[in-house]
There are 4 protein chains.
Amino acid sequence: MFFASDNWAGAAPEIVTAVVRAFSEPPVPSYGRDPSTARAEALLSHVFEREVAAFLLTSGTAANALSVAHLTPPWGAVYGHAFAHTLSSECGAPEFYSGAKLVPLGGPGAKITPGGIAVAVASARRGDPHSVQPATVTITNLTECGTLYTPAEVAAIGALCRAEGLALHMDGARFANAIVASGATPAEMTWKAGVDVLSLGATKNGAMAAEAVVFFDPARAADFLYRRMRGGHLLSKMRLVSAQFEAWFDDGLWLKLAGHANAMAARLSGRLAAKGVRLAWPTQGNEVFPILSVEAAARLRAGGAAFHDWGAPDLAPEPPVPSGHSVARLVCSYATTAEEVDAFVKAA
Amino acid sequence: MFFASDNWAGAAPEIVTAVVRAFSEPPVPSYGRDPSTARAEALLSHVFEREVAAFLLTSGTAANALSVAHLTPPWGAVYGHAFAHTLSSECGAPEFYSGAKLVPLGGPGAKITPGGIAVAVASARRGDPHSVQPATVTITNLTECGTLYTPAEVAAIGALCRAEGLALHMDGARFANAIVASGATPAEMTWKAGVDVLSLGATKNGAMAAEAVVFFDPARAADFLYRRMRGGHLLSKMRLVSAQFEAWFDDGLWLKLAGHANAMAARLSGRLAAKGVRLAWPTQGNEVFPILSVEAAARLRAGGAAFHDWGAPDLAPEPPVPSGHSVARLVCSYATTAEEVDAFVKAA
Amino acid sequence: MFFASDNWAGAAPEIVTAVVRAFSEPPVPSYGRDPSTARAEALLSHVFEREVAAFLLTSGTAANALSVAHLTPPWGAVYGHAFAHTLSSECGAPEFYSGAKLVPLGGPGAKITPGGIAVAVASARRGDPHSVQPATVTITNLTECGTLYTPAEVAAIGALCRAEGLALHMDGARFANAIVASGATPAEMTWKAGVDVLSLGATKNGAMAAEAVVFFDPARAADFLYRRMRGGHLLSKMRLVSAQFEAWFDDGLWLKLAGHANAMAARLSGRLAAKGVRLAWPTQGNEVFPILSVEAAARLRAGGAAFHDWGAPDLAPEPPVPSGHSVARLVCSYATTAEEVDAFVKAA
Amino acid sequence: MFFASDNWAGAAPEIVTAVVRAFSEPPVPSYGRDPSTARAEALLSHVFEREVAAFLLTSGTAANALSVAHLTPPWGAVYGHAFAHTLSSECGAPEFYSGAKLVPLGGPGAKITPGGIAVAVASARRGDPHSVQPATVTITNLTECGTLYTPAEVAAIGALCRAEGLALHMDGARFANAIVASGATPAEMTWKAGVDVLSLGATKNGAMAAEAVVFFDPARAADFLYRRMRGGHLLSKMRLVSAQFEAWFDDGLWLKLAGHANAMAARLSGRLAAKGVRLAWPTQGNEVFPILSVEAAARLRAGGAAFHDWGAPDLAPEPPVPSGHSVARLVCSYATTAEEVDAFVKAA
């Protein structure tokens, strides 16, 4: 009953096989000048239905921090949800890479809104050197509450960004889950909705360590290769990452893996609800957030269930979390089984 | 005939097998709290014969930059060879992470000397706020010219560092090759000789992407976990790295792989010398630096040999590199075969 | 009718005279090794009734940014009021110098509270590398709403800081006004209440450009001279700043100047209130915040009054600012005259 | 006999008078929106015979560091003489502000040459992310050896910069002395010779604390106001600096002051030479570098002479500095008297 995180899982067999194959081949140029990296980059252009500039790496935090830094001057303001990983859980990596100020916004379900962004932007003093200058918006899809920005919601934020001259970054650590959940194409979820740069994460969805920074306007990626190198994020044996992406995109594997994870979450969510367990936020992707009594949580853990408490009760919908209860986060992955789900529900 | 770099090679079968096994196991905690990471860290303490604090990551540049940053205040001076990777080939990553000034020193064979360091330190004005303050020395072993710092040479630098209150960092991207070449133990080459922090690289020696920052005084590693995270270098599925290290140290694999690479280099070097080819620097590890005519280099490449020119003629011993010639770098790896070597020598 | 800011004023005659005298003297050592700087530093120890380490400079923003940077590791969290100058009006200077994350807190009258800090600290995950680590609290006294932290209020925050292992910084851009307003001694307002470092500003209170970073524990100031230099804040002809401080402290000038400014604000505040003008926040120092109709504000400006709108209606006490009204900020200085005050009140 | 530095001197009476007048005037807008700042900026455009964008501040180190940072991306290389103040005596301020790598070059008399720059640029690997990318050249005029770059020499460097796509910065801490020494116009010495940005220092030449960053292409100054603010270098009572510049440029005062200092240096130099004292470098501005025996230096200091040893014997022309001797630096200022000069010569 492993629901602690999708990064507790191993790797999908297809990914493992691809890595084995890649490292059994003859020598290839290092630092991303190998054929596999070229193929992975081409696949990204294919998947997103336009020429993109893509940069592979092994860390999602790095993908976010480098992206934000490339879009934002040191005196810029970056708007994101207070609860977003980029703001709350990266130990200031975006600040380190960019020098900019991350401005925390609110919003139910860990989602920011055009209205909330507009208020924050309006409170900045443009042209006044005392004030950091509005520069970038960052959204996470799926969010840290497992909720989904629909393409229409992204597009509304994108339109505001265009109007205000802001760049739009999407943290796609669970992008595949969002794609499956929304039914949108990758293009519809990103550049067609105004996203400038995507941190695309494969790691949580069946890979070992495979992330990509995807610029939808290749011109905007100028000099990014220096920024990545300078952060120590240019791998010498890049085939390690590119092989994972090749396999991930092969025959729609990425969507199959995410589809399975989402389906397991739906099963878990539905059966918990059927038992009367209240959920803090709706289940839209691969994460389920039941409100459990302290006793129930302890009993489940004693029975072998692994999951985290999720410390954002103020983000939960009304009515508030009852005393003696807390919000738990259950994450399904490509590897979650129906048996695990059912065992958990039974024990709950 | 692949002699371009040891990071063009794939990965040793034992490493591949270990990664496959690691990712086929059940879920484990993420971010390095898994059993494999604990085992890898324990192995590092065992190999170095003392309790160390070790931090695993996927990039050697990151290992160097993070190490230097942890040892040096922003107003510090870091002394290293002008030709060292840390100074010449990391796009300023050490400066980015530390804020400090990297002071380039000279020295034959890309090796700095206690005397050279002492002169540089003496020219700094201690206590004068106008001057960066002497803080750290960084050496690379093997060097970028394939030469070896013997334990005695390291110890001489270490003694100077102690006397001057400087920290000593070793970039061990080819540490295994240096160990084999010197016959020293890992302890003798590092902390017994005064090294405070080692960037230990497995990647060039048969791994996929496996590096470690090793603090020989664990107290000095305080807060390093935040520094690593903040740089985006804390992997979520850390077993990817730890499994490589487990296999690398298992049954002395790391020394076998490096021993093979060094032996191939010795064979290459000896046979080239026997044919009258002059070497820029002595072959002490897994790298050979013949001085080739432009025509010979072109002919070899046309025949399928992959290698780089090495742009440091001013570091070559007397007499100077003749006009129409340049220094080539030939790197042997765990995967180099005697047939490759002999084919190259024949074609030379 | 100049109420735009206390930094629109010129300089007190005593300050001007001191600067003239200083620059008419024979050559003296540069970079702060002159006798006047030594005297100014000694005066600071005298005024604060203990041995302090003081660093003079010309910018209050620099004083704040350097102080925060010296107290906070790059992965630290700095807690302050969202409306504090340090967070809202320094274009990210504290982030630039420290690398840390400035965490905005709320609180009426631009004052943070021990309870508010405690909640924020509790929400950080100590020891978890994903989370910035609680490090520093910064308070501004007088605040940006002209309100006063009493010594008891500072001490309550100081006690929390001690208990939580946090450093406490005070931005004293209007420190003299706060001292006069509170009746406390400088020692009672600072180190006796747990303040570790004070940015002491003379500029707004009759000087030309004179600020000091004051460490109440000199040991904590180690290496600060490098940090100041590295930021470009070590003046070569330091007598410019030290002469101002010498005059400022001479015969209690600093308190006389602030006392005058506070008295003018009290006169202004009292007479406005007597005319039925509502104030957003109580007048405790040299700033008055009347709630004016748009028409009244325009009429006053047309009549020659200079003042700023103050964009923090959400900080005003209940009931909310009526539609068609806004909060104005009127700042009195050492140079404000009773005639100016009365003319403004008459026009209001 | 004060020859320690031109920043040991006080301020010229005209400067003092201007500051007194400025601070006796009625309130004016702060942060550089006052009439005096506008006038000073206009004067700079007038003096340089073109529309410039100028930013006033109180520190020459800040002027240099901010300029370099604005011209150079974080992954850029900045070429300058190893002995230049920017590289040797600013505690890494340029690195702090820019993140870039300062690459030390050689050259007699502390002057770099087009040839030296070209070699350094050629050794960088353009487009290779491992290598910092050539971006900026910085020269100091007068140099730290008191030598002059003639407009023709600057133009030769400027031409190379254009050809290589590099920006050219001039540290003009002693710009007035260079102008007097060269007979060139300010325009000829700067933008007509290819200089993009000048750090113009008045402090060493009779001011209290007055420096300006001058962009000869105003478009290039975009966003510089944020960079200055973020460094804490936007003065609130800017009239302090602007009044100094107004007086400095009034009726050619700046050239009169520099002319006096240069003349005193010429007198000192000529008379020392006449007594057989050897000079390390030719006297071209306001600095004289006699080679003195240890005994002579001690005797002079005992007699009341203040001067510094100048630790760059390797920069002296052949033959080398004899054993038991060292290079002294004697700096004349606007305030140096012929009596001081003659007394020194007599005692030498």
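Among the GluC sites (Glu not before Pro) in region C:54-147, none sits in a DSSP loop with a Cβ that has at most 11 other Cβ atoms within 10 Å. Among the listed pairs D:Lys111/D:Lys346; C:Lys111/C:Lys192; C:Lys237/D:Lys256; A:Lys275/B:Lys237; C:Lys204/C:Lys237; A:Lys192/A:Lys237, those whose Cα-Cα separation exceeds 24 Å are D:Lys111/D:Lys346; A:Lys275/B:Lys237; A:Lys192/A:Lys237. Helical content alone sets the calculated 222 nm signal of chain D at -12000 deg cm²/dmol, taking -39,500 (n - 2.57) per DSSP H segment of four or more residues and averaging over every residue.
Residues with beta-carbon under 10 Å from that of C:Ala84, excluding C:Ala84: net charge, scoring Lys, Arg +1 and Asp, Glu -1? Neighbour charge sum, excluding C:Ala84 itself: -2.
Between A:Lys346 and A:Glu25, the simple spin-label model (points 7 angstrom out along Cα→Cβ) gives 4.6 nm.
Between C:Val214, C:Val241, C:Val28, the Gaussian network model of chain C with springs among Cα atoms under 10 angstrom shows the greatest mean-square fluctuation at C:Val28. For region C:137-202, a crude dipole built from +1 on the beta carbon of Lys and Arg and -1 on the beta carbon of Asp and Glu, taken about the Cα centre, is about 120 debye to the nearest 20. FRET efficiency for the pair A:Glu339 and A:Ser293, taken as 1/(1 + (r/R0)^6) with r the Cβ-Cβ distance and R0 = 30 Å, rounds to 0.75.
Here chain C is treated with +1 on each Lys and Arg Cβ and -1 on each Asp and Glu Cβ, and its dipole about the Cα centre works out to around 220 debye. For the set C:Glu211, D:Glu246, the ranking by accessible area, highest first and with no ligand, DNA or RNA atoms included, is D:Glu246, C:Glu211 under a 1.4 Å probe. Of A:Gly231, A:Gly324, A:Gly303, which is the most mobile in a GNM of chain A whose springs link Cα atoms less than 10 angstrom apart? For chain A, modelled as a Gaussian network with Cα springs under 10 Å, the answer is A:Gly324. Of the DSSP H helices in chain D, those that are both long (alpha-carbon extent of 20 Å or more along the helix axis) and hydrophobic (Kyte-Doolittle mean at least 0.0) are D:253-274. Net length available on complete extension from D:Glu49 to D:Lys275 is 77.0 nm, with 0.36 nm assigned per residue and the Cα-Cα distance removed.
Of the GluC sites (Glu not before Pro) found in region C:41-84, the ones in coil according to DSSP and having at most 14 other Cβ atoms within 10 Å of their Cβ are C:Glu49, C:Glu51. The magnitude of the dipole of region B:177-273, with charges of +1 and -1 set on the Cβ of Lys/Arg and Asp/Glu and taken from the Cα centre, is near 320 debye.
Given the options C:Ser236, C:Val345, C:Ala280, identify the residue whose Cα lies farthest towards the positive end of the charge dipole of region C:215-348 (+1 on Cβ of Lys, Arg; -1 on Cβ of Asp, Glu). About the Cα centre, the residue reaching furthest to the positive side is C:Ser236. Annotation: A:Asp217 carries an accessible surface of approximately 80 Å², with a 1.4 Å probe and no ligand, DNA or RNA atoms counted. Simple rule: put +1 on each Lys or Arg Cβ and -1 on each Asp or Glu Cβ in region C:16-169, find the dipole, and look at C:Thr37, C:Ser123, C:Ala82; the Cα lying farthest toward the positive end is C:Ser123. Excluding ligands, DNA and RNA and using a 1.4 Å probe, chains C and D jointly bury around 3900 Å² of accessible surface, summed across both partners. Sorted largest first by accessible area at a 1.4 angstrom probe radius, with every protein chain in place, the residues D:Val103, C:Val121 fall in the order D:Val103, C:Val121.
Applying Stokes-Einstein at 25 °C and 0.890 mPa s to the Kirkwood radius of the protein assembly as shown, computed over alpha-carbon pairs, gives a translational diffusion coefficient of 73 µm² s⁻¹. With each label modelled as a point 7 angstrom along the Cα→C-beta vector, the D:Ala159-D:Arg33 pair spans 4.7 nm. Inter-label distance, A:Thr185 to C:Asp217: 6.2 nm, where each label sits 7 Å from its Cα along the C-beta direction. The accessible-area ordering, largest first, of the residues C:His233, B:His85 stands as B:His85, C:His233, per a 1.4 angstrom probe. Within the listed set D:Val47, D:Val68, D:Val20, the Gaussian network model of chain D (springs between alpha-carbon atoms below 10 Å) gives the highest mean-square fluctuation for D:Val20. Taking only the C-alpha atoms of region C:35-87, the Rg (one decimal) and the largest Cα-Cα distance, Dmax (whole number), read 14.1, 40 Å.
The values are calculated or read from the model by the stated rules, or taken from the named source; none is laboratory data. Please read these numbers as outputs of a predicted model, since none were measured by experiment. Note that we place each Cβ from the backbone using ideal geometry, even for glycine, and neighbour counts take in every protein chain shown. Accessible surface areas use protein heavy atoms only, side chains included; no ligands, DNA or RNA. Shrake-Rupley method; radii C 1.70, N 1.55, O 1.52, S 1.80 Å.
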